[in-house]
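Remarks on the structure that follows.
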Amino acid sequence: MSRPDTVAHAEATPGRGQPHAALGLTDAEYASIVTQLGRRPTDSELAIYSVMWSEHCSYKSSRVHLRQFAEKAPPTTALLAGIGDNAGVVDVGQGYAVTFKIESHNHPSYVEPFQGAATGVGGIVRDILAMGARPVAVMDALRFGPADAPDTRRVLPGVVGGISFYGNCLGLPNIGGELVFDPCYSGNPLVNALCLGVMRHADLKLAQASGPGNKVVLFGSPTGPDGIGGASVLASASFGVGDAGGERAKRPSVQVGDPFMEKLLIECCLELYAAGVVAAIQDLGAAGIACATTELAAAGQAGMAVSLDEVPLRDRGLTPPEVLMSESQERMMAVTEPGDLDQFLKICAKWDVPATVIGEVTPTGRLEVTWHGDLVVDIPPATAADGPLYERPLRRPASQDLLREDDPASLPRPGTGEELRADLLAIAGSAAGADKAWVTEQYDRDVRGNTVLGAPHDAGVLRVDEESSLGIAIATDGNGRYCLLDPYSGTQLALAEAYRNVAASGGRPLAVTNCLNFGSPEDPAVMWQFAESVRGLADGCLALGIPVTGGNVSFYNQTGAEAIQPTPVVGVLGVLDDVRRRLPSGFGAEGESIALLGDTAGEFGGSLWAHVVHGHLGGRPPAVDLMAEQRLAAVLTAGADAGVLSAAHDLSDGGLALALAECCLTGGNRAAQPATEGGTGCVVTVPAEPAGAADPFTWLFSESAGRAIVVLRPGAEAEFAALCAEHGVPATTLGVTGGQSLELTGLFAIPVAELSAVHRRTLPALFG
Amino acid sequence: MLSRTPLTLKVGIVTFPGSLDDADASRAVARAGGTPIPLWHGDRDLRGVDAVILPGGFSYGDYLRCGAIARFAPVMAELIPAADAGLPVLGICNGFQVLCEAHLLPGALTRNTGLHFVNRDVRIRIENSQTRWTSGYAPGEVITVVLKSGVGAYVADERTLADLDASGLVVARYADGSPNGSAGDIAGLASADGNVVGLMPHPEHAIDPLTGPGTDGLNFFASILTPAAAA
């Protein structure tokens with residue numbers, strides 16, 4: 001093996017060429033590294049900078065915009081830790097805190113769907129674990145190309161299989177998420193994984209290495225040659241068009257997951273925390289040891305000396321830069337006091353988790369890494385951890401006006417009952433509107449025994465404490481069509497929908513996380529979408545009074561010049577003081593009154609009706625009224641608390657018609673109604689004018705925001721009407737639950753069995 | 001109502017590396033009135049328990065074959081002779097796989113038809129209510145529990161299947177047809193003495209309407225608390 005490039009060698013050979021461009025660094029970035037170090041970097045240092053300064057790790061194009069989340073943060077007492085730590089931590093009361101975060105694994109999941117998606121789950125779970133929390137649930141927001149496209153049949157089953165394989169073996173319930181199809185995701189699916197963790201307030205861990213002499217322990221799987229350059233060349237670059245084998249060539253940049261080791265790591269870490277032997281901890285994800293050492297040292301304002309010879313390797317042929325960059329999964333790095341080391345290693349041995357001291361904290365303020373006794377890295381860690389900062393040019397594209405002028409008002413609309421019925425069945429049976437059980441049945445929803453509501457309910461709801469019945473609710477939403485038409489209000493609509501979903505489950509919304517999926521930041525039009533989206537989210541969170549606690553940005557989601565629709569996925573976390581008061585989203589008992597809350601206007605821009613029935617995307621997305629959303633949420637949570645509601649379901653894409661259909665099929669239990677048990681129908685009368693002057697088509701298919709269906713407990717009608725009046729929320733009586741059909745008086749009826757067959761057959765027919 | 005022993009029974013729950021539903025099994029035992037006792041895979045010690053549950057999960061990552069490594073865990077060296085001597089043992093899901101690998105029950109579990117993991121509420125019919133774990137059910141009673149497994153298709157040779165039928169050792173069958181391709185729609189089996197039971201669906205996830213399909217599963221854990229003579 002050739003001698004590694006040492007610091008001394010770098011000083012002696014200033015003119016030696018280095019492959020910075022192949023590692024994803026620009027000429028200017030390379031020059032900046034040389035200036036900051038006062039010499040050329042060694043190969044190992046170049047490896048560190050290339051991954052740490054990648055878009056994926058450094059947020060170099062997004063940071064100037066993301067600042068708004070802090071600048072516009074609403075006053076709150078709920079946050080114990082915020083942006084910048086591995087994940088935000090939210091006080092949910094009774095001494096409990098919840099940490100949650102959503103992260104993308106888009107590019108790996110396209111190149112190698114199974115392992116890409118599996119390791120996406122693994123990575124976000126370690127993020128949560130590093131905060132000191134026990135991971136308690138996962139969720140996935142997925143976007144694919146058209147459901148019937150051949151490549152979707154390669155990618156989707158692989159992604160779902162990978163999530164199922166990893167999450168199930170890890171023992172974390174999967175309690176919801178999203179599944180969306182659109183041609184814009186054909187060459188670039190989105191796989192966003194969310195994890196939730198629960199801890200006591202006192203258990204919060206922060207990733208800072210301080211205290212010279214403290215030991216740096218690497219534990220978990222040995223380091224191998226997988227995922228090298230995952231953060232830089234894979235996650236921070238677009239896919240080329242037609243470069244044959246291009247995606248295959250990037251396959252070695254995808255990591256391979258071992259969920260069994262991750263399960264052991266979880267139990268091992270929780271026992272280490274309980275024993276009080278962890279001074280600081282960080283997960284190893286993107287950029288591996290390079291990231292963990294520089295970030296731990298930079299955050300603790302200390303130095304760190306590391307011997308790469310001590311790193312357990314799966315492949316003895318790895319070079320120092322490869323050891324630093326490897327993204328081998330299921331690894332953690334901790335700092336422990338010398339007196340605690342024996343106990344630390346003993347706990348790791350109990351769980352069969354290999355653990356090795358690879359270095360210690362120093363007072364030098366520098367990260368020094370040796371290999372076979374030679375110094376191969378000697379840098380101030382903050383220079384790698386902070387990264388460059390870009391203010392990219394942004395420009396509203398001219399095509400935006402054409403899109404907005406292409407109003408769906410000119411589309412032919414269904415007039416007769418028969419036509420309305422046909423459009424509802426078309427939507428309910430479309431891949432977008434169909435039942436997602438083919439996917440969600442592959443996930444373990446029930447492990448750990450605390451799942452109160454899972455898919456297909458509006459939010460995932462978990463019991464946190466058996467004695468007090470404290471509960472939490474979480475929902476993710478995003479609508480690329482709305483965001484393409486208007487990224488500012490489209491993002492606020494995603495926020496509003498997740499907020500509404502949490503409230504419709506009985507939860508009081510508390511905090512926000514996000515995963516911002518966009519095209520290339522080097523395209524001014526994409527950068528404009530991104531800036532508008534962030535501004536919309538920050539303004540929206542301020543208006544709703546719930547802070548952003550953290551998030552993730554995924555750029556370069558495009559193949560060639562064709563970017564995906566801007567797709568911010570927004571997650572909202574809420575709390576239920578008594579989880580027994582949760583609201584399912586389906587009809588349970590017969591003979592209960594159904595009411596519609598909120599106002600309905602004729603809003604079809606970006607609607608599912610326009611998409612499914614006409615293949616149309618244009619006009620304006622529905623209007624946003626966040627104050628109305630707040631009032632609606634207040635009525636929903638108060639109604640749940642007071643016990644006057646038996647179910648609630650938010651209205652979103654597909655409007656009232658699809659929402660009613662889903663209510664008939666979902667049932668009142670935590671799971672979907674088993675297909676064998678049919679469902680509960682309803683008899684609904686579309687209000688006549690002048691209640692908003694809306695025609696039946698508008699009532700049924702408009703996607704006006706700020707609306708929900710509620711089902712009232714018998715005898716609670718007057719109390720609920722008073723509640724709506726108190727909060728100023730318009731309520732319209734629609735009808736009653738019961739019967740074997742979804743019946744719209746005077747318009748049409750669909751037997752629940754027919755609705756069920758149409759709704760449930762689509763995905764199994766496509767994917768087997 | 002079930003008559004209960006005056007002193008609460010100690011039910012050991014084994015945690016292998018990769019066990020996942022051990023906390024759920026403990027909760028179910030406690031909810032039924034028993035005392036759950038944690039047992040560790042690496043200890044050759046059953047801690048004097050009156051019965052043992054092998055919980056669901058992916059013991060040792062299910063590497064090699066589900067249950068194949070767990071079967072050689074130190075705790076199993078104590079458990080296997082104790083089960084042969086009559087100790088009540090319930091294996092749920094992965095625990096069922098371990099019992100088959102340990103030859104405490106005949107046959108084997110293989111990949112579901114369709115090759116997908118399936119998580120669904122299922123109805124099962126209790127075919128044998130004479131075992132130590134099912135005595136609280138009426139013969140033929142249909143209950144709703146949770147199925148969640150990828151390797152849940154029961155297989156055995158024709159003769160074994162015929163013997164199981166003839167001797168009434170099939171404990172439960174899927175009432176609406178097998179969702180995973182199990183031979184004879186078999187969801188659970190008992191040993192010849194009825195003290196060892198393996199079950200693919202999870203009764204411990206059906207003990208509370210808040211977090212499961214109902215309380216139908218609770219009787220598995222209540223049954224064991226009744227004196228053996230009543231079984």
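Principal-axis analysis of the Cα atoms of chain A puts helix A:27-37 at an angle of about 50° to the longest axis.
Take every pair of alpha-carbon atoms less than 8 Å apart whose residues are at least six positions apart; their mean separation over the length of chain A yields a relative contact order of 15 percent.
Pairs of alpha carbons in the range A:488-583 separated by more than 20 Å make up 40% of all such pairs. Taking amide hydrogens as placed 1.01 Å from N in the peptide plane, the amide H of residue A:620 sits under 5 Å from those of A:605, each at least 5 positions away in sequence or on another chain. Only Lys, Arg, Asp and Glu carry charge here, each on its Cβ (+1 for the first two, -1 for the last two); on that basis the protein assembly as shown has a dipole of about 800 debye about its Cα centre.
Compute the distance from the alpha-carbon center of the range A:71-143 to that of the range A:696-728, in whole Å. After rounding, the separation between the Cα centres reads 33 Å.
Short to long, the 5 Å bins of the Cα pair-distance histogram for the range B:162-231 hold 4, 14, 20, 23, 20, 12, 5, 1 percent of all pairs.
Name the residues of the range A:280-319 whose amide N is less than 17 Å from a point 7 angstrom out from the Cα of residue A:210 along the C-beta direction? Residues passing the 17 Å test: A:280-282, A:295-304.
Roughly how many Å is it from the Cα centre of the range A:597-620 to that of the range B:81-148, as a whole number? Between the Cα centre of the range A:597-620 and that of the range B:81-148, the gap is 50 Å.
Let's see if you can work this out: charge +1 on each Lys and Arg Cβ, -1 on each Asp and Glu Cβ, no other charges. What is the dipole magnitude of the range B:118-231 about its Cα centre, in debye to the nearest 20?
Values: 7 positive and 13 negative charges, 31 e Å.
Rounded to the nearest 20 debye, it is 160 debye.
As I understand it, the value is the acute angle between the Cα axis of helix A:341-350 and the longest principal axis of the Cα atoms of chain A; what does it come to in degrees, rounded to 10? Its long axis makes an angle of about 50 degrees.
Per DSSP H run of at least 4 residues, take -39500 (n - 2.57); add these up for chain A, divide by its residues and hand me the 222 nm value, nearest 500 deg cm²/dmol.
Values: 26 runs with 277 residues, N = 768.
Taken over chain A, the calculation gives -11000 deg cm²/dmol.
For the range B:1-134, pairs of C-alpha atoms spaced more than 22 angstrom apart make up 37 percent of the total. Its residues counted as N, the range A:283-388 yields a C-alpha radius of gyration over 2.2 N^0.38 Å of 1.06. With neighbour counts taken as other beta-carbon atoms within 10 Å, the residues A:60, A:101, A:72 rank, fewest first, as A:72, A:60, A:101.
Against the compact-protein benchmark of 2.2 N^0.38 Å, the Cα-based radius of gyration of the range A:680-742 scales to 1.22.
Derived scalar couplings between HN and Hα for the range B:213-220 equal x, x, 10, 4, x, 4, 5, 4 Hz in order, rounded to whole Hz, by the Karplus curve 6.51 cos²θ - 1.76 cosθ + 1.60 (θ = phi - 60°), x for Gly and Pro. Rounded to the nearest 10 degrees, the inclination of helix A:113-129 to the longest alpha-carbon principal axis of chain A is 80 degrees.
Ranked for footprinting exposure by Cβ neighbours inside 10 Å, fewest first, B:78, A:405 give A:405, B:78.
Here the range A:134-196 is treated with +1 on each Lys and Arg Cβ and -1 on each Asp and Glu Cβ, and its dipole about the Cα centre works out to around 200 debye. Simple rule: put +1 on each Lys or Arg Cβ and -1 on each Asp or Glu Cβ in the protein assembly as shown, find the dipole, and look at B:87, A:21, A:461; the Cα lying farthest toward the positive end is B:87. Restricting the calculation to alpha carbons of the range B:10-230 gives Rg and Dmax of 15.4, 43 angstrom.
Secondary-structure-derived ellipticity at 222 nm for chain B, considering helices only, amounts to -5500 deg cm²/dmol, per-run term -39500 (n - 2.57) for DSSP H runs with n ≥ 4. Positive-end ranking of A:643, A:742, A:332 along the dipole of chain A, with charges on Cβ about the Cα centre, is headed by A:332. Using all pairs of distinct alpha-carbon atoms, the Kirkwood hydrodynamic radius of chain A works out to 26.6 angstrom.
No lab work stands behind these numbers, since they all come straight from the coordinates. Fair warning: this is a prediction, and the values are worked out from it, not measured in the lab. Note that each Cβ is placed from the backbone with ideal geometry, even for glycine, and that neighbours are counted across all protein chains shown.
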